[in-house]
Amino acid sequence: MNGRKFAAFDIDGTIFRWQLYHELFDALIEEKVISASDAKRVLADRERWRKRELDYGMYEKTLMEVMEVAIIGLNDERFHTIADDILLKKGHHVYKYTIDLLRELQKKGYVTIAISASHQQLVERFCQLHDIDIAIGRQFEVKDGKLTDKSNIVHGHKKEFLEAAVAEHGLSLEDSYAVGDSGGDISMLEMVTNPIAFNPNEELLAKAKANNWPIVLERKSIAYRLEKGTDGTYLLAETSL
């Protein structure tokens, strides 16, 4: 793969229409890995977020606090089985714009990379499903066949992981792509020739506007590009690959 161009994609909210680790949480409830009392607390916060009564970050914080404790000691083979089941049921719940872009770049010979803060087992299964070459996710240490509380941290460090992958596989930054939807993706978007802010949150939207990055919004399988007018305001224009 020496010198080949690459395209890096976030998964959650960028290719996948929801969040893999939220799907994992729900699966762990069904598997009774999450206690009924903890599940009730998280699901109550989820409902408050959906009603716009709670900030998304606060809801996610509650979810992560519960899940981080619950998975300690979980059998690694069981974890892989749960991951397989999630991706079998929902792995094709994807955005049209980003999956089409992924397919187009694959046809052009790009090395494709998925970088996600979700668990490595989920990221690997997602990549296998969509023929993505390199899977980078949060990897928990396994000891005696069980998950421990030790792991790498991908969120906030995507640039470092992407740089390592580029160096390891001898990839070229020339005409490279990166696509993300949140502030956590900014560092990897800054690395590449073709950054794309897809359905960006407030932080990424501000960064994209400041740097004149392409901004793409998808609604009901139709993608729109935000174009800056002569008066400085942004207008919607239908986009295509």
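The values are calculated or read from the model by the stated rules, or taken from the named source; none is laboratory data. Keep in mind that this is a model prediction, so the values were computed, not measured. All Cβ positions, even for glycine, are placed from backbone atoms using ideal geometry, and neighbour counts span all protein chains on display.
A few comments on the model shown:
- Breaking point among (1) surrounded by 14 or more Cβ atoms within 10 Å (Cβ to Cβ); (2) closer than 26 Å to GLU104 by Cα; (3) over 21 Å from the mean Cα position of the chain (by Cα); (4) modelled with pLDDT under 95, for LEU171: (4)
- Within segment 159-172, the presence of a residue that is within 22 Å of GLU77 (Cβ to Cβ) and of a type in the set (Ser, Thr, Tyr) is excluded.
- Top-ranked residue in segment 15-44 [being crowded, with 18+ Cβ neighbours inside 10 Å and touching a Phe, Trp or Tyr at 6+ places or on another chain (Cβ under 8 Å); ranked as farthest from ILE86 (Cα to Cα)]: VAL42
- Condition met for TYR95 (hydroxyl-bearing (Ser, Thr, Tyr) and over 19 Å from VAL192 (Cβ atoms)): yes
Residue by residue, here is whether (1) buried (at least 16 other Cβ atoms within 10 Å of the Cβ); (2) more than 16 Å from SER116 (Cβ to Cβ); (3) basic (Lys, Arg) holds:
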site: GLY184; (1), (2), (3): yes, no, no
site: ASN199; (1), (2), (3): yes, no, no
site: GLU203; (1), (2), (3): no, yes, no
site: TRP213; (1), (2), (3): yes, yes, no
site: VAL216; (1), (2), (3): yes, yes, no
site: LYS220; (1), (2), (3): no, yes, yes
site: GLY229; (1), (2), (3): no, yes, no
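- Residues being closer than 26 Å to HIS93 by Cα, in contact (Cβ under 8 Å) with a residue 12 or more places away in the chain, in a loop (DSSP other than H, G, I, E, B) and out of contact with any helix residue (DSSP H, G or I) (no Cβ under 9 Å at 6 or more places or on another chain) are entirely absent from segment 161-183.
- Counting residues in segment 206-222 that are in contact with an Asp or Glu (Cβ under 8 Å, 6 or more places away or on another chain) and part of a strand (DSSP E or B) gives one or more.
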